[in-house]
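First up is the structure itself, then whatever we jot down about it.
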Amino acid sequence: MRLTSTRHRSIVLLATVGLLATTAMIPVAAAAGPPQKSGPSPAFSNAVAFDVSPALTDIGSWAPRRSVPSDPDQEPVDIRPDRGRTGADRGHSPDGARQAAAPATAQTIGAPLANFEGLSNQDNFNLFGFRVNPPDPVGDVGPNHYVEMVNLAVAVYDKSGNLLVGPLAIGSVWAGFPVEDCTDPSGDPIVLYDQLADRWILSQFTTRGLPYYYDCVAISQTSDPTGAYYRYAFPTQEDGVGSGLYSFPDYPKYSVWKDSYVLTTRDFGDAGSYGVSVYALEKNKMVNGQPNARAVQFYISGDDPALLPLIGDGLLPADIDGKTKPKNATPIPIIGTQDDDASYGATFDAINVWEMDVQWNARPDASLEFAAQLPVAPFDSMFPCAPTSRDCLPQPGITNPTQYLDILSYRQRPTYRFAWRNFGDYDSMIASQSVEAAPGVAGMRWYELRRVGGTYSVSQQGTYAPGDGVHRWMGSAAQDWQGNIALGYSVVNGVDVFPGIRYTGRLRDDPLGQMTLGEGTIIDGTGVQRTTNSRWGDYTSLNVDPTDDCTFWYVNEYYTLDGQLSSTAGWQTRIASFKLPGCFAKS
C-alpha cells in the first residue's frame, strides 16, 4: 500500500467489528403521533481504515489539471442522480404562515461585510476536464479561515477571501488512503468547524459500491485547516432486506455534538430497499487520531408504511452553534418534515423529532427513539413543475421549460443546517425548507423549535415570500448568540431577476413568525443556467462565526453572463458574511 507522504508512515487497516446490539423502543409520541412500536437496533462497528494525510498545502500540487477544449453546450455530469419518490402536484394548498411583506421597522438588515468569489464549475473543468451539476455548495467558518467544498472541489480561504489552498479535487484529500474509493470524485461533501474541539471536518461518500459503500471523514490534526488530517472510512450496513448487499448512503448530512459527530443518510439498498440511517461517530478518538474510532448506525426502514411519513426523504441532525455545550446525557435531536400533499402517506403537516443517545463506554450503548410529532401551519411542498418534476422555476429569457430550475421542495426534508443552541433554560433549534408559498411562487418556510426539559414545541414559524413575484428557495437558517435569526437563499424570476443570492433576518424580540429586517443582497446574478438537467443546490450553508457568535457566513451558487457563456452549467459560488443590527461579540 502506497504512503501519501514520507512524513506520515503509519497506515492502520481495521476489520469491521460488530459489537453490542440493543433494542431501542419508539415510545408513544406527542399528540397526533404514531403508535408505539419497536424501533431500530444499533449496529456498532469500527473504522475500516485510518491514516494521517500530508498537509493540504502539500497536496495542492497533486491535483490533476487538464487543458482540453471546452464545449459550452456540453451537458455536465449529473452528480448523484437523484432517486426516490417525487409525487404529483395536486394544486396549490394555501400556506398557513406566509409573510407576504416585511413589516416596517426602525432597523433594516445590514450590507454584507466580507463578500468574495468561491469555487466554480470552471474549477472542476480545470481539475478534471469536465463540469458537473449540481454544485452542492457548503462551507464553514473558524477563527481565521473559511473552508468551502462543492462537487467536486475544496478550497481554504482567509476571512478576507484570499485563497490559501486549492482548488483541490476532493478525492486528493484521501490520496494514498487504504480505501481507494475515498479518492474518487464522488461528492456530496460536507465541511464543518467543531468549535468545541477547535478542529475541521471534511467528508464525502463513496459511489463504487459492489458490495461496500463508505463514509469518508477527515479530521484536522490542529486548528489549522491547511495542515494534516486524520483520515477514516466507515462502512455502511447491509441493506434492509437481508440480501447481503449494501446501502448507498445518499445525501449525507453531518453535525457536531458534544461527544459525537452525527451523520444522517438516505439509503438505497442495491437490492431495492429504502430507508434512512442515523450514525454517531466516536468524536474523542477521532480528534486524537486513534485508529480504532467506533461508529454506531441505526437504519429506519422506509419500506414500513408506518415509518415512511416519519422519515420522508431524509432526517437532519442538530449542529451546535456557540460554545455552550449540551448538558450531560442530553440526547441529540434529529428532525424531518412531512406534508400531507406529498406522496409519503402523511395525513397532516408536521415536524417529526427523533432523539439519539450514545454512550461511548468500553461497552458502548446507544438508542434512537421517536420523541415528538409537532403539527405546523399548513405548507405545500409540491410545486407545479413540468415537463419533469425538476423543471420548476423560470429564468429570464429562458422559454424552454426543460431549462427551468429545480426547487427540490418535493423532497420531504428540511434543508441543511439544523442549527442548535443552548440558551440555558431552553434549547433553541432553527430549520428551514423550500415550499410553494403562493400559487406558482417559491418561498422559504422557517421554524424555531424549543426544547424545555424533554418537551419540544414550535416556538415560531413563518414563510418568507414577499409579494414581488420573486422565487426564494434552497435556503439555510441559523441564529446568533442573542437569539436573532438569519436566513439565506437563492432568488430568481422569469423576467429580470437572474439566479442570485439574498438574505433576510429578524431580531429576537420582533413579532413572532416575521422576518422584519427586509432583504439584503449578496450578489445579483447576470446569467442563466442552460442545462436541461435543471439541478440546483442541493443544499447551502449558513454558519455563525465562532469569534464573536454574531457574524453569519453564507455560501450559495449564482450565475454571471460569463458563466452562462462558458457552459450550460457555468455556475459560480459566492461566500459572504453579515451581522444583524445590534449584535455585539459575546464576552
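Rounded to the nearest 0.05, what FRET efficiency do T57 and A88 have when you use their Cβ-Cβ distance and R0 = 30 Å? All intermediate terms of the calculation are to be shown ahead of the outcome.
Details: r = 51 Å, r/R0 = 1.70.
Efficiency for this residue pair is about 0.05.
Counting only lysines at least 8 places from K579 when in the same chain, those with an alpha carbon closer than 20 Å to its own are K159, K323. Residue separation of Y212 and L561 scaled by 0.36 nm, minus their Cα-Cα distance, works out to 121.4 nm of gained length.
Here K258 is the anchor, and the aspartates and glutamates within straight C-alpha reach of less than 12 Å, apart from those fewer than 8 places off in the same chain, are D194, E282, D319, D321, D357. Give me the log10 of I(q) over I(0) for the chain at q = 0.07, 0.10, 0.11, 0.12 Å⁻¹, as the Debye formula computes it from C-alpha points; what are the numbers? Scattering profile of the chain, log10 relative to I(0): -0.36, -0.79, -0.98, -1.20.
So with the 1.4 Å probe, I'd like the accessible area per residue for segment 161-278, rounded to whole Å².
On the way: 2850 Å² over 118 residues.
That works out to 24 Å² per residue.
Give me Rg over Rh for segment 274-421, both radii from the alpha carbons and Rh done the Kirkwood way, two decimal places. Please list the in-between numbers first.
Details: Rg = 18.9 Å, Rh = 17.7 Å.
For segment 274-421, the value is 1.07.
Taking each residue as 0.36 nm, the span from T547 to F116 lengthens on full extension beyond its C-alpha to C-alpha distance by 153.2 nm. Computed from label points 7 Å out along Cα-Cβ, the spacing between T222 and N361 is 3.8 nm. Relative to the Cα centre, the charge distribution of the chain, modelled as +1 at Lys and Arg Cβ and -1 at Asp and Glu Cβ, gives a dipole magnitude of about 980 debye.
Normalised by the number of residues in segment 292-448, what is the relative contact order in percent for Cα pairs under 8 Å and 6+ residues apart?
Working: 315 pairs, mean separation 32.2, N = 157.
That works out to 20 percent.
Cut-off 16 Å, label point 7 angstrom out along Cα-to-Cβ of F423: give me the residues of segment 520-551 whose amide nitrogen falls inside. Under 16 Å, as judged by backbone N against the label point of F423, lie 550 of segment 520-551.
As an exercise, use a Förster radius of 25 Å and the Cβ-Cβ distance of D468 and F348 to find the FRET efficiency, rounded to the nearest 0.05. Don't jump to the answer; show the numbers that get you there.
Details: r = 30 Å, r/R0 = 1.21.
With R0 = 25 Å, the Cβ-Cβ based efficiency is 0.25.
Compute the whole-percent fraction of alpha carbon pairs in segment 135-261 spaced more than 27 Å apart.
Numbers: 1427 of 8001 pairs.
The answer is 18 percent, as a whole percent.
Over segment 69-207, the reciprocal of the mean inverse Cα-Cα separation, the Kirkwood hydrodynamic radius, stands at 18.1 Å. Residues T330, T531 ordered from highest to lowest accessible area at a 1.4 Å probe: T330, T531.
In debye to the nearest 20, how big a dipole does segment 230-278 give about its Cα centre with +1 on each Lys and Arg Cβ and -1 on each Asp and Glu Cβ? Working shown, then result.
On the way: 4 positive and 6 negative charges, 58 e Å.
Around 280 debye, computed over segment 230-278.
Sketch the reach of a paramagnetic label on K586 as a point 7 Å from Cα along Cα-to-Cβ, and name the residues of segment 417-434 whose backbone nitrogen lies under 16 Å away. Zone members listed by number: 419-430.
Of all the C-alpha pairs in segment 418-533, what % are more than 17 Å from each other?
On the way: 3792 of 6670 pairs.
Across segment 418-533, Cα pairs with separations above 17 Å total 57 percent.
Protein heavy-atom surface of the chain, 1.4 angstrom probe: 51% of the accessible area is carbon and sulfur, with nucleic acids and ligands not counted. Taking 0.36 nm per residue of separation and subtracting the Cα-Cα distance, full extension of the segment from N144 to L163 would add 5.6 nm.
The values are calculated or read from the model by the stated rules, or taken from the named source; none is laboratory data. Everything numeric in this text was worked out from a predicted model, so none of it was measured. So basically every Cβ, Gly included, is an ideal-geometry build from the backbone, and we count neighbours across all protein chains shown. The area values use the complete protein model at the heavy-atom level, side chains included, leaving out ligands, DNA and RNA. Shrake-Rupley method; radii C 1.70, N 1.55, O 1.52, S 1.80 Å.
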